[in-house]
Structure formats: structure tokens, C-alpha cells
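Read-outs throughout are calculated quantities, based only on the coordinates presented, and are distinct from any laboratory measurement. As the structure is a prediction and not an experimental result, all values here were calculated from the model. Positions of Cβ are backbone-derived with ideal geometry, glycine not excepted, and every protein chain shown enters the neighbour counts.
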Amino acid sequence: MLEQVTIRRLVAEAAEGNQAAWDDLVEGFSGLVWSVVRAHGLYGAEAADVCQTVWLRFVEHLRRLREPERAGAWLATTARHECLRVLRRRGRTTAMAEPPEVPDVSRDADPGTRVVAGEEHELLMVALDGISGQCQQLLRLLLVDPPLSYDEISTMLEMPKGSIGPTRQRCLVRLRAVMTTLRGATLRERGIRDSGQGSGGSKEVRQ
């Protein structure tokens, strides 16, 4: 994670045309920008377009940043505004759960472990779609890298700083409840299917 003194120096050097300084800023904050975009439910080409727009805005404002050491917060806020603009154009303003990604499971793991990890990831993606858009955004923003401060999240979500912790807890409770319900339904479905297969295989053929 970049230190504030380093960020201030990199912004000043990038504003003077130093390509190495610009590359360091992009490397240091690209994960943050991408995470904010994903938190608003954008992905694929649409997400890439938003990220590109954010960096173009950053280039335009490099010399005008009042607090260059807070470049990360500026980028995160700009990313949020761009996402909301896209969502309004599409007729929705709440985040949607993105399509499931391939779980990060070691190739050396046994097949059973990979299957379980994949099922849990898919379950989480479905459960996210079952909680409010505000909860989706908050939980995703709390997991970005580099991490955002509560002040930055408060500004981005227009949420009082003191409400972030309690809201996070409520959102996690709701997420766990949805996951528990989905997991139970999945197990029951498997039980019925396995039971049906078992009973079908145990029938005797009478002469």
C-alpha cells in the first residue's frame, strides 16, 4: 500500500510528465478502482470502460488535486460517480451480484476440495443477489485492496461514518441467513434426488 508522502510525490511527478511515476500510481490504485466498479455490479467491457474513464479524469485533474496524498479517495469517489452515471443510463441504481468467477483453489487440491470451493463460491454469489443493493456495495467496498477508510466509504455511499460498523454487521447477518437457507434447500434437494435414485435401484424384479 502506498504511503501518503509517496503518493504526494508520485502525483507531483506524474503531473510533470514522469511516466514512471504515473505507472506507479496506476499499479498502486488500479485494484482499488476495479474493486469499486465491481462493487456497483459492473463487469466485462462495461467495467473496463468505466475504469478507463476514471483514469482519464485523473489525468485531467492531476495538477488540480487539492490533497494529492488522498488520490486514492479521489479515484474511488470518481469511480463511484461514473458507475452511478452508467447505472442511471441503464435504468437501475443498485448493485447487482456479478457472475461467479472461478474460485481461487490450488490446482494441487484434490477434486473434492475444488468442487466444494466452487459450490461455496456460487452459493455466495447467489446469496449476495438476495440482500439489498446497499449491503452489496458496503460489503464489497470493505474488501477492496488497498483498503478504504471509513471516511472514504462514508463519502462514497453517503452513509454516516458511525453507521458503517453496525450496518456491516446487519448485512453480514442477512448474508449468512440467505446462505444458510440456500444451503439447506440444496441439501434437501440432493437428499430427495439421492433417495429417489436409491429407491429406484432397490426394487426387485419379480418373476
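Numerical summary
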item: Distance between modelled label sites at Ser163 and Tyr150, nm, 7 Å Cα→Cβ extension; result: 1.4
item: Dipole-positive endmost among Thr186, Gln136, Ser163 within the stretch 133-186 (Cβ charges, Cα centre); result: Thr186
item: Quotient of Cα Rg and 2.2 N^0.38 Å for the stretch 1-72, N being how many residues it contains; result: 1.11
item: Extension reserve of the Glu46-Arg188 stretch, reckoned as 0.36 nm per residue once the Cα distance is removed; result: 47.3 nm
